[in-house]
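> One structure, as C-alpha cells, below. Some questions next.
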Amino acid sequence: MKLTLASAGESHGPALVAIVGGLPAGLELDREAIDADLRRRQEGYGRSPRQRIEQDRVEVLSGLRHGRTLGTPLALVVRNADHANWTWGMSPWPPEGEPSGKGTRRVTLPRPGHADLAGVLKYGHDDVRNALERASARHTAVHVAAGAVAKALLAAIAISVEGSVVDEAGMRAAIDEARAERDTVGGTVEVRATGVPPGLGSYAAKEDRLDARLAAALMGIQAVKGVEIGDGFALAGLRGSQAHDEIRADRRRDTNRAGGIEAGVSNGEEILVRAAMKPLPTLMKPLASVDLETGEPGQALVERSDVAAVEALAVVAEAAVAWELAGAAREKFGGDALVDFVGAHAAYVERIKW
Ligand SMILES: Cc1cc2nc3c(=O)[nH]c(=O)nc-3n(C[C@H](O)[C@H](O)[C@H](O)COP(=O)(O)O)c2cc1C
C-alpha cells in the first residue's frame, strides 16, 4: 500500500489543492489539529504581512465522511484569501474588463536565487510571474495539511514527529538585524520522530532507503540546501570508534549519532534529521539582474516577502518527515482499514519484542 500526494496551486491563484491517496479507511481526522499546523506555518518570526491576509483553513472535498477517512482519495483545499487582490492578474481564464488589482504588469527582472530566470527559459514564458507563482513556497500550506493527516496516521501506531528551529534566539536576533538592513537570512531546523520501530525503510534498493527518502523530502522544500541525518557531516571527521552507536544487551543505544537510521532502515532510536535553509532570495535592497525584455542591466524584482521563514520551515519539514514516515509505515504494515494497519504494527512489534 503506497501513500501518494499530488498538489496543485499558485501562490496568488484561487486555492491550493492536494489529493492524498493510500490512506486506510477509518482514520479519524481532527479539523482543528490540521488548522493548528496551518497556523503554525504562518506564524513564524520574520514572515511577511501576507500572513495577516491569509487565515489558512483546510477544506475537505472528498475521502472523508463525518470525520473519518473512507479509504478513498482525500481531496484537501486551502484557499488563498489574497487572491481577492489578484482576480484579474491571476485569472485562470483570459481576464475580463480593465486590468485592476495586483499582478497586472509583466515581471521581467528575475531574482537571483529564485526560480525566475531558469523558469522563464525552461518553459518559454515572457512573464517571470508565470514561473514564480508555482515555485513560491506558498503551496507548502497544503503539504502541511497533508502532513497533519500523516501525523494522525502515525499517532495510531504511537509515532510522533516534531520540528523546531536550531538556535531560535540567535535566529531571531539575526532576523531583526537583517530586516533593519533590508536583507534576508536563512537558518537550520531539525525534526525528531519518536516511537518509530526498527524496520521502516530498506537497504535492498536505494529508493527504499529511509535516509534517502527523508533527504529527498526535505530537499524538496523550497530554499533547503543541505540535509543531514543524525550527526551527518560531523561524522566525516570522526573515527569509527567514536562515530557509531554501541548496542546494549536490550538492543537499545546510549548514543544516537546515526539519527535513528542505519543502512537506510530505522533502528528504533529517535529519528533526527536537520535541514539548512539558505537566505530568502527576494530582497528589499535588490541584487543585480537583467531586464529580460530590453537586455539592459537592472535590479531584481522586489515584492512583498519574508525576511526569514525558518520557523515556517520547521513546520513544513515536520510535515515532510511525517509524510515519509507514514509512507514507509503504510508500505510495511498495509491494511485497507485502520484496524488492519494498527493490528499489523502490533503483531510486528510483538514478533521483534520491541
Ligand atoms: C516556508 C517558506 C517560505 C518562503 N518564503 C519566501 C519569501 O517570502 N520570499 C522569498 O524570496 N523566498 C521565500 N522562500 C524561498 C523560495 O521559495 C525559494 O528560495 C525559491 O522557490 C527558489 O528555490 P530554491 O531556494 O530551493 O532554489 C520560502 C521558502 C519556504 C520554505
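> With respect to the numbered conditions (1) touching a residue at least 24 places away in the same chain (Cβ under 8 Å); (2) within 16 Å of S11 (Cα to Cα), which one is the sole condition not fulfilled by R111?
All conditions pass for R111, except number (2).
> Can you tell me which residue within the range 3-43, out of those that are in a loop (DSSP other than H, G, I, E, B) and open to solvent by 30 Å² or more (accessible area, probe 1.4 Å), is farthest from T69 (Cα to Cα)?
Filtering the range 3-43 for residues that are in a loop (DSSP other than H, G, I, E, B) and open to solvent by 30 Å² or more (accessible area, probe 1.4 Å), the one farthest from T69 (Cα to Cα) comes out as E43.
> From A137, A169, A158, A180, which residue is buried (at least 17 other Cβ atoms within 10 Å of the Cβ) and not hydroxyl-bearing (S, T, Y)? Steps first, answer last, please.
Working: A169 fails: buried (at least 17 other Cβ atoms within 10 Å of the Cβ); A158 fails: buried (at least 17 other Cβ atoms within 10 Å of the Cβ); A180 fails: buried (at least 17 other Cβ atoms within 10 Å of the Cβ).
Going through A137, A169, A158, A180 in turn, the sole match is A137.
Residues are listed down the side, and each one gets a yes or a no for (1) of a type in the set (D, E); (2) over 18 Å from V196 (Cβ atoms); (3) modelled with pLDDT of 95 or more:
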residue	(1), (2), (3)
V227	no, no, yes
G230	no, no, yes
L235	no, yes, yes
S241	no, yes, yes
D245	yes, no, yes
R252	no, no, yes
R257	no, no, yes
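> Can you work out which of the residues in the range 309-354 that are acidic (D, E) and out of contact with any helix residue (DSSP H, G or I) (no Cβ under 9 Å at 6 or more places or on another chain) is surrounded by the most Cβ atoms within 10 Å (Cβ to Cβ)?
Filtering first and then ranking leaves D336.
> Then there's this: Counting only residues that are of a type in the set (A, V, I, L, M, F, W, C) and within 16 Å of the ligand (Cβ to nearest atom), give me the strands (runs of 3 or more DSSP E) lying completely in the range 185-299 with at least 2 of them.
Because the criterion is at least 2 residues that are of a type in the set (A, V, I, L, M, F, W, C) and within 16 Å of the ligand (Cβ to nearest atom), the strands (runs of 3 or more DSSP E) in the range 185-299 that meet it are 187-194, 224-229, 271-277.
> Can you name every residue in the range 142-172 that is in a helix (DSSP H, G or I), within 17 Å of the chain's Cα centre (by Cα) and closer than 24 Å to D306 by Cβ?
V142, H143, V144, A145, A146, G147, A148
> Identify all residues within the range 99-119 that are closer than 30 Å to G295 by Cβ, away from the ligand (no atom under 16 Å from the Cβ) and open to solvent by 30 Å² or more (accessible area, probe 1.4 Å); write none if there are none.
P99, G101, T104, R105, R106, listed by residue number.
> I'm trying to understand the selection: among the residues of the range 281-308, which are open to solvent by less than 40 Å² (accessible area, probe 1.4 Å) and β-branched (V, I, T)?
Correct list: T282, V307.
> Now, a different point. If you go through the range 239-296 one residue at a time, how many are in contact with a Lys or Arg (Cβ under 8 Å, 6 or more places away or on another chain) and free of Cβ contacts under 8 Å to residues at least 24 places away in the same chain?
So the answer is 5.
> Further question: Determine which member of the set A337, A322, A344, A317 is at pLDDT 95 or above, more than 11 Å from the ligand (Cβ to nearest atom) and within 17 Å of the chain's Cα centre (by Cα).
Of A337, A322, A344, A317, the one residue that is at pLDDT 95 or above, more than 11 Å from the ligand (Cβ to nearest atom) and within 17 Å of the chain's Cα centre (by Cα) is A322.
> Does the range 121-129 include one or more residues that are open to solvent by 20 Å² or more (accessible area, probe 1.4 Å), closer than 30 Å to I271 by Cα and either within 16 Å of the ligand (Cβ to nearest atom) or touching a Phe, Trp or Tyr at 6+ places or on another chain (Cβ under 9 Å) (or both)? It would help to see each step written out before you state the result.
Step one: of the range 121-129, the residues open to solvent by 20 Å² or more (accessible area, probe 1.4 Å) are 121-127.
Within this subset, residues satisfying the condition of being closer than 30 Å to I271 by Cα are none.
Looking for residues that are open to solvent by 20 Å² or more (accessible area, probe 1.4 Å), closer than 30 Å to I271 by Cα and either within 16 Å of the ligand (Cβ to nearest atom) or touching a Phe, Trp or Tyr at 6+ places or on another chain (Cβ under 9 Å) (or both), one finds none in the range 121-129, hence no.
> Output the qualifying pairs, or none if there are none: Cβ atoms under 9 angstrom, residues six or more apart or on different chains, first residue in the range 52-79 and without any contact (Cβ under 8 Å) to a residue 40 or more places away in the chain, second residue of a type outside the set (K, R) and open to solvent by 100 Å² or more (accessible area, probe 1.4 Å).
Qualifying pairs under 9 Å: G67/E28.
> Now a separate question. Please work out which one of (1) modelled with pLDDT of 95 or more; (2) surrounded by 13 or more Cβ atoms within 10 Å (Cβ to Cβ) is the condition A174 fails and give its number.
Failing condition for A174: (1).
> For the range 300-314, give me each residue that is closer than 18 Å to A217 by Cα and within 8 Å of the ligand (Cβ to nearest atom).
Those that are closer than 18 Å to A217 by Cα and within 8 Å of the ligand (Cβ to nearest atom): A309, A312, L313.
The values are calculated or read from the model by the stated rules, or taken from the named source; none is laboratory data. The structure presented is a predicted model; accordingly, all values stated were derived computationally and were not measured. Positions of Cβ are backbone-derived with ideal geometry, glycine not excepted, and every protein chain shown enters the neighbour counts. The area values use the complete protein model at the heavy-atom level, side chains included, leaving out ligands, DNA and RNA. Shrake-Rupley method; radii C 1.70, N 1.55, O 1.52, S 1.80 Å.
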